[in-house]
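The structure appears right after this line, and notes come after that.
The values are calculated or read from the model by the stated rules, or taken from the named source; none is laboratory data. Since the structure is predicted, the reported quantities are computational estimates derived from the model, not experimental observations. Note that each Cβ is placed from the backbone with ideal geometry, even for glycine, and that neighbours are counted across all protein chains shown. Note: areas computed on protein heavy atoms with side chains; ligands, DNA, RNA excluded. Shrake-Rupley method; radii C 1.70, N 1.55, O 1.52, S 1.80 Å.
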Amino acid sequence: MKPEQSHLPNKVNVAIIKYNAGNIYSVQCALKRLGIEPVVTDDKELLQKADKIIFPGQGEATQTMRYLKAQRLDELIVNLKQPVLGICIGMHLLCQFSEEGNVHCLGIFDAPVLKFHPEKQADKIPHMGWNTLTRLKSPLYNGISEGEFMYFVHSYYVPLNDYSIAQSEYIQPFCASMHKDNFYAAQFHPEKSGNAGERIVRNFIEL
């Protein structure tokens, strides 16, 4: 796939939720490559005014939920009306419950987050590296081919469910992406997935 050349309109107001998670910088860089200067913030007013919100990160579910509750960001996120994209742990925290620390999450998606259990010696945890997406069924994946490779890093997964809009497979098939109302989620890291991942970020901004 050739790199995207044109930039999105600068007037698109994109906010990245600031919380105690890593990997936010790479999402900033992905947006800047599209000509967007995102704001990284935990300010509730700024988040409510944003056109699009990205909820990214790498981290541990229990500590992250504790932080969100302390800042009352949990109440804010579940009431957002604009498109929201959760990435990696951002996807997990939009679910009902996570086995990582046995913590109740935000409950947008009625789905659990489960720990991978190796079935043979070759099964390494975390699942790390490039893997394919299949069964794509959302405008989020416009221009993305079945079997496209994305970059994953995770020890916990969401089983296939009624909200699934893409799946992948490691040890068993699992949900690679979900959609419900204005909430979207991706287990993989589009910001680290080359031109195809950049196309997904662009699709989200253009929703």
**Report entry** Distance violations [Cα-Cα > 20 Å] among K137/K192; K11/K52; K81/K180; K81/K115; K137/K180; K44/K192
**Finding:** K137/K192; K81/K115; K44/K192
**Report entry** Value of [θ]222 nm, deg cm²/dmol, for the chain, DSSP H segments ≥ 4, -39500 (n - 2.57) each, nearest 500
**Finding:** -6500 deg cm²/dmol
**Report entry** Normalised alpha carbon radius of gyration of the stretch 90-207 [divisor 2.2 N^0.38 Å]
**Finding:** 1.01
Report task. Using a 1.4 Å probe and ignoring any ligands, DNA or RNA, find the accessible area of H104 and quote it in Å² to the nearest 10. Result -> 130
Query raised in the report: Hey, if you put +1 on the Cβ of every Lys and Arg and -1 on every Asp and Glu Cβ in the chain, which of Y19, L46, G57 ends up farthest toward the positive end of that dipole?
Result: L46
Report summary line: Taking the reciprocal of mean 1/r across every pair of different Cα atoms in the stretch 57-105, the Kirkwood radius in Å is 11.0
**Report entry** Pair-distance profile P(r), taking every C-alpha pair of the stretch 1-124, with 10 angstrom steps and integer %
**Finding:** 12, 40, 29, 15, 3, 0
Query raised in the report: Across every pair of different alpha-carbon atoms, what Kirkwood hydrodynamic radius in Å does the chain reach?
Result: 17.0
Requested in this report: Before anything else, pin down the relative contact order of the chain: Cα pairs under 8 Å, at least 6 apart, normalised by residue count, whole percent.
Outcome: 19
Query raised in the report: Taking the Cα centre of the chain as origin and charging only Cβ (+1 Lys, Arg; -1 Asp, Glu), how large is the dipole, in debye to the nearest 20?
Result: 360
Requested in this report: Obtain the nm distance between the two label points defined at E99 and K32 by a simple spin-label model: each point lies 7 Å from its Cα along the Cα-to-C-beta direction.
Outcome: 3.8
